[in-house]
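The values are calculated or read from the model by the stated rules, or taken from the named source; none is laboratory data. Everything numeric here is computed off the predicted structure, so don't read it as measured data. Cβ: placed from backbone, ideal geometry, glycine included. Neighbour counts: every protein chain shown. All accessible areas refer to the heavy atoms of the entire protein, side chains included, with ligands and DNA or RNA removed. Shrake-Rupley method; radii C 1.70, N 1.55, O 1.52, S 1.80 Å.
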Amino acid sequence: ELKDVKFEYDPATPVLKGLSLSVRAGEMLGIVGKTGAGKSTMANLIARLYDVNEGSIKIDGVDVKQLSLAQLRRSIGIVSQDIYLFIGTIADNIRYARPDASMEDVIRAAKAAYAHDFIMMLPDAYETRVGAGGQDLSGGERQRLSIARTILQDPDILILDEATAAMDTETEANIQKALSELQKGRTTIAIAHRLSTLRDADSLAVLSDGKIVESGTHKELLQKKGEYYKLYKIQMEGLKVINMDG
């Protein structure tokens, strides 16, 4: 639960202006909004990469400031469009969240993330070196390694921050399958620009200018004909244009 959260990176330039929302254990909450609305900032605050200036963020009723960083890092997994590969092998990169994981666990996570097949085609399979000066991987391949890393971590809370941004259609389909597997039995907060990727969400919240301006199911928000309806309409019009050009 986020309650009256206020946050600014720079003094006198507020990003979140009294944001409140909650998500029940095991459910999926979709967050939508225009670029610069504060969606990624919210994700960073939940994971406590930053602390709120005012208000509170609680997990099971406990303020995140009262939890150890080790607990939070174990409990919260983030898959974002910014993927960090470290200098080392593919296996090391997947194992990053759980250094003691066995090779069998690493392979199982890679298979669940639809990454195993492309890994086996690399020069040294799981021992192929990546990162600076290592094997070049495509955006989709890097993303699947990031998902495998999070599957191995096995977090209770999953944050997806534009996890399928800038992907071609085939790659996105594989990544969506992997994300669906990853979400099972977890509390998921999914931030996405493309509304189609949030159709399975239990509820949706629209973030605008640092505040939640609407919340409800996809159907309820369309009936309200407010901010969500406008965003949805713009995207549907865009798809029609693309289909006509295609």
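Cβ contacts < 6 Å: first residue crowded, with 22+ Cβ neighbours inside 10 Å, restricted to region 189-204; second residue of a type in the set (Asp, Glu) and not in a loop (DSSP other than H, G, I, E, B), any location; separation 6+ or different chain. Result? Close Cβ pairs (under 6 Å, with a partner that is of a type in the set (Asp, Glu) and not in a loop (DSSP other than H, G, I, E, B)) amount to ILE191/ASP161.
So which strands (runs of 3 or more DSSP E) stay within region 146-246 end to end and still have 3 or more residues that are at pLDDT 80 or above and under 14 Å from the mean Cα position of the chain (by Cα)? Full working, then the answer.
Values: elements: 157-161, 187-191, 203-208, 211-216.
Because the criterion is at least 3 residues that are at pLDDT 80 or above and under 14 Å from the mean Cα position of the chain (by Cα), the strands (runs of 3 or more DSSP E) in region 146-246 that meet it are 157-161, 187-191.
Restricting attention to region 98-116, the residues that are open to solvent by 40 Å² or more (accessible area, probe 1.4 Å) and among the aliphatic types (A, V, I, L, M) total 2.
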